[in-house]
Each structure stands twice: as C-alpha cells, then as structure tokens.
Amino acid sequence: MSGQTKEARRKYYLEHRKEAIARSKAHQLANKERYREICRLYYYRHREARLEYARTHPQHHRVIKHRGRVILRNVNKPPKPMFCRLCDRKSHLVYHHWEDSKPDIGLWICNTCHSAIHRMIKIGVLEASVKSQNLVTRRAPPK
C-alpha cells in the first residue's frame with residue numbers, strides 16, 4: 001500500500017473503515033499502557049502551546065468537556081450555597097446553566113433536581129429557555 005496514491009489509500013480506507021477501526025481499537029486495548037504513555041507525553045510536550053491558546057482564546061475555554069461531563073471555567077457563577085435552590089436539600093450541588101451560549105445564567109441545584117430538569121427537558125415538559133427560568137424563579141418559599 002505504500003506505493004499507492006493518497007486518493008487510493010483514502011478509497012481503500014473508506015471501503016474498509018469498520019475493519020480498520022476495529023483493528024485500531026483492538027491494538028489500543030492490547031497496548032493500553034503504551035497508549036496511555038503516548039497521551040501523557042503529548043500532553044506535557046504541548047503544554048505551552050495549550051496555555052498560550054487558552055490565553056489568546058479565552059472564549060473557547062469557558063465550556064469544556066471532561067470524561068463526558070461539561071465543566072464551566074472562567075464563568076461568573078454566583079457563590080455556591082449550602083442548600084439546593086429548588087428543594088432545599090443539603091447535598092452535593094451542581095451548577096445548572098440554562099443555555100450553552102450563556103453559562104453565566106444558572107443556579108446551584110442538587111443532583112436529583114438536576115436530573116429531573118434534564119428529564120423534563122428531554123420529554124418536552126420544560127423548554128431549556130425562558131420558561132424553565134421562570135419556573136425556577138416562581139418556586140414556593142422553603143417551609
């Protein structure tokens with residue numbers, strides 16, 4: 001395959017894409033430690049470039065994903081309260097923002113309420129916009 005043109009290699013890959021991906025995943029699983037070390041070295045070798053990019057493009061580093069979770073950085077969040085804003089439980093609180101384009105607008109709620117809000121948004125009971133914000137602001141005072 002080394003003597004083939006770039007177009008021919010691309011065509012072969014597209015025709016055998018599933019097999020190539022399966023081979024690659026199997027190789028990575030068989031050589032887990034090696035790939036972990038490669039990723040670690042890449043991370044450290046490119047540290048300065050990553051930091052420089054973060055300094056010059058702060059808008060790109062507000063919402064990041066880590067292990068499938070969204071983490072907000074450099075956002076003017078309100079101070080973290082002791083209790084959930086919806087149910088007044090004292091448990092692990094997460095910051096829920098209503099719109100991805102406006103991560104500054106949100107509230108601190110417990111995991112149970114956070115999951116319930118996302119379930120309601122998913123099935124269409126709540127919209128992730130102004131209606132859901134109004135629902136939160138109109139809640140009953142704590143007992």
Considering only residues that are at pLDDT 70 or above, part of a helix (DSSP H, G or I) and out of contact with any Leu (no Cβ under 9 Å at 6 or more places or on another chain), look in the stretch 120-143 and name the one that is surrounded by the fewest Cβ atoms within 10 Å (Cβ to Cβ). Ile123
Only listed residue being closer than 30 Å to His97 by Cβ and either surrounded by 11 or more Cβ atoms within 10 Å (Cβ to Cβ) or at pLDDT below 90 (or both), chosen from Gln59, Gln4, Gln28: Gln59
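The values are calculated or read from the model by the stated rules, or taken from the named source; none is laboratory data. A quick note: this is a predicted structure, and the numbers were derived from the prediction, not measured. In this analysis, Cβ positions are derived from the backbone assuming ideal geometry, glycine residues included, and neighbour counts consider all displayed protein chains.
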